Amino acid sequence: MRSSPSRRSFLQLSALAGGIAFASCASPAKANRIRTRGRLRHAGIGVGGMGGADLDQIRSHPDVDVIALCDVDANNRNSAGERCQGARTYTDWRELLEKERGNIDSVHVSTPDHMHAPITLAALRMGLHVYCQKPLTRTVNEARAVARAARSAGTVTQMGIQNHSNAPYDAARKLFRARPIGAIHEVHVWSDRPAGWWPQGIERASGEDPVPETLDWDKWLGTAPLRPYKKDAYHAFRWRGIRDFGTGAQGDMACHLMDPAVWFLGLGDPLRIRSVGPRPTAESFPLWSEVRYEFAPNEWTTRGPLLVTWRDGGKKVPKELLAELGLEDITSNGCLFVGEKGALLADPYGTQALYPKERFKDVAIPEGVATNHWHQFVDACLDRCEPSAPFEYAAHLTEIALLGNVALEFPHETLEWNGGAGRFRGRPDADALLGTPQRKGWEIPELAD
């Protein structure tokens, strides 16, 4: 196992996050960061679905020229090409990076999760700025490799957690820093995913269907093991709960919803992790999960270990706690800080709140200020500011979420995590799940033994 990202550098970043308007582009650029002069020449890798949204946001910046586009699905590629007249198009991202060397300054990577690391690492090797969708990677080992590569490249990086730059989280951060609820002793984070979004708790689809002429199935599989194409089983969005390709509800949504806990509290590595939900199937993540993390206390918390609990599949805050806070129910997705004097809800999609409401009726909720997360990335590339979700932070946040997925394999067992070593204490069976082999011909050099 390779060494972990620098704890000192992460704590410095956490201090920065707590000390300035982190979502703002007003912060000065770092002198040692590689920047681009003039206009930003950009390439999109993965330009359908969220990738199409990423492309449209980035190209809407007045100082961006879209040079090239890549997607394994011709429908996505053609649609993006119509919107970006003159951009050269590719099916293979490796060909794009090779042929456009010297013609582009940045890329966005908005593919299924299993292809984030190989494409991002290749782009960083070339000295490109990279915007990568969340989760940053599919495995913990990949997250650490990307963090190392980003530090070595020195280019601008940003993970696609746009809620980080939106007004609701800015308001929540301002409210949190006023300390109305006192020292924090636990945090609850929950999501309504996957129900109604994508399937989980399933076994592999049987049979095989003809591959559409518009889809390059081998390149869609990329690093993942070979399997037959099955219509409506994986592409375009149903891959998210499949273990070879996605990271399930926690990997998808924890990068949004656990973000306030890691960001506001400046959390380091978890000490212990325990899952109390069902195990995944061989094919997919479970229908619901509950994962409990323990973190070391710090200046924002009470003296004991801080408990952070993740729930998905519609599981929310315990009813007993809701009753204490004077609530019958709570929003479908959120992060609830519980302190000595009450609780604070960080809601990425709504108004922030303090509970019990009667106790805090005279406390004004601050107004949040939004920053365009994609334009912030562009401005950072052009030496105008710092990105708010660079890979140094994003890799750590992603790792915490993905460690929860490892814990799913060991329900009702407490796993002790050694963040400095990047492995579990005395659990080689859990260590084996921190990474996965890549398909022959698609190996990632940074993860080679």
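Mind sorting 95, 283 by how few other Cβ atoms lie within 10 Å of their own Cβ, fewest first? Spell out each step's value before the answer.
Numbers: 95 12, 283 16.
The most exposed by this proxy come first: 95, 283.
Starting from the alpha-carbon convex hull of the range 81-162, give the projected area averaged over all orientations, in nm².
The Cα convex hull of the range 81-162, projected and averaged over all directions, gives 5.7 nm².
With +1 on each Lys and Arg Cβ and -1 on each Asp and Glu Cβ, how big is the dipole of the chain about its Cα centre, in debye rounded to the nearest 20?
Dipole size: approximately 960 debye.
Averaged over all directions, how much area does the convex hull of the C-alpha atoms of the range 226-274 cover when projected, in nm²? Don't jump to the answer; show the numbers that get you there.
Details: hull surface 20.4 nm².
Result: 5.1 nm².
Need one number: the % of Cα-Cα pairs in the range 176-314 sitting beyond the 22 Å mark.
Above the 22 Å cut-off, the range 176-314 has 49 percent of its Cα pairs.
Put +1 on the Cβ of each Lys and Arg and -1 on the Cβ of each Asp and Glu in the range 283-361; which of 334, 360, 298 then has its Cα farthest toward the positive end of the dipole?
Selected residue: 360.
State the answer as a single residue: which of 44, 249, 281 lies farthest towards the positive end of the charge dipole of the chain, with beta carbon charges of +1 for Lys and Arg and -1 for Asp and Glu, about the Cα centre.
44
What is the helix-to-structure angle for 74-83, meaning the angle in degrees between its Cα long axis and the longest Cα principal axis of the chain, kept from 0 to 90 and rounded to the nearest 10?
Rounded to the nearest ten degrees, it is 90.
Find how much the distance from residue 75 to residue 351 grows on full extension, using 0.36 nm per residue of separation minus their present alpha carbon separation; answer in nm with one decimal.
95.6 nm
Using a 7 Å offset from the Cα along the Cα-to-Cβ direction at both residue 88 and residue 429, what is the distance between the two label points in nm, to one decimal?
Those two pseudo-labels are separated by 5.2 nm.
First measure r as the distance between the Cβ atoms of residue 362 and residue 414, then evaluate 1/(1 + (r/R0)^6) with R0 = 56 Å and state the FRET efficiency to the nearest 0.05.
Efficiency for this residue pair is about 0.85.
Expressed as an acute angle from 0 to 90° and rounded to the nearest 10, what is the orientation of the C-alpha long axis of helix 391-407 relative to the principal long axis of the chain?
70 degrees
I need two numbers for the range 388-441: Rg to one decimal and Dmax as a whole number, Cα atoms only, in Å.
Answer for the range 388-441, Rg first and Dmax second: 12.9, 38 Å.
Starting from the Cα-Cα distance between residue 444 and residue 299, subtract it from 0.36 nm times their residue separation and give me the gain in nm to one decimal.
Here the answer is 48.2 nm.
Dividing the alpha-carbon radius of gyration of the range 102-226 by 2.2 N^0.38 Å (N being the number of residues), what value is obtained?
1.40
Antiparallel as a % of all DSSP beta bridges within the chain, to the nearest 5?
55 percent
How large is ³J(HN,Hα) for each residue in the range 321-326, as worked out from phi by the Karplus curve 6.51 cos²θ - 1.76 cosθ + 1.60 (θ = phi - 60°), to whole Hz, x for Gly and Pro?
5, 4, 5, 4, 8, x
With the convex hull built on the Cα atoms of the range 239-317, state its orientation-averaged projected area in nm².
5.7 nm²
Using a cut-off of 24 Å between alpha-carbon atoms, which lysines can reach residue 219, once sequence neighbours fewer than 8 places away in the same chain are excluded?
Leaving aside lysines fewer than 8 places away in the same chain, those within reach of residue 219 are 99, 134, 230, 231, 440.
Sort 320, 392 so the one with the fewest other Cβ atoms within 10 Å of its own Cβ comes first.
By the 10 Å Cβ count, ascending, the order reads 320, 392.
Counting residues in the range 244-392 as N, plug N into 2.2 N^0.38 Å and put the Cα Rg over that result.
Computed over Cα atoms of the range 244-392, the ratio equals 1.19.
For the Cα atoms of the chain, what angle does the longest principal axis make with the long axis of helix 248-257, in degrees from 0 to 90, nearest 10?
60 degrees
To the nearest 500 deg cm²/dmol, what mean residue ellipticity at 222 nm is calculated for the chain from DSSP H runs of n ≥ 4 alone, each contributing -39,500 (n - 2.57), summed and divided by the residues?
Counting only the DSSP helices, I get -8500 deg cm²/dmol.
What order do you get for 136, 344, 447, 327 when you list them from fewest to most C-beta neighbours inside 10 Å?
The fewest-first ordering by Cβ neighbours comes to 327, 447, 344, 136.
Please report Rg (one decimal) and Dmax (integer) in Å for the Cα set of the chain.
When restricted to Cα atoms, the chain yields Rg and Dmax of 21.2, 63 Å.
A short reminder: the numbers here are calculations on the coordinates, not readings from a lab. If you're wondering where the values come from, they're calculated on a predicted model, not measured in any experiment. Note that we place each Cβ from the backbone using ideal geometry, even for glycine, and neighbour counts take in every protein chain shown.
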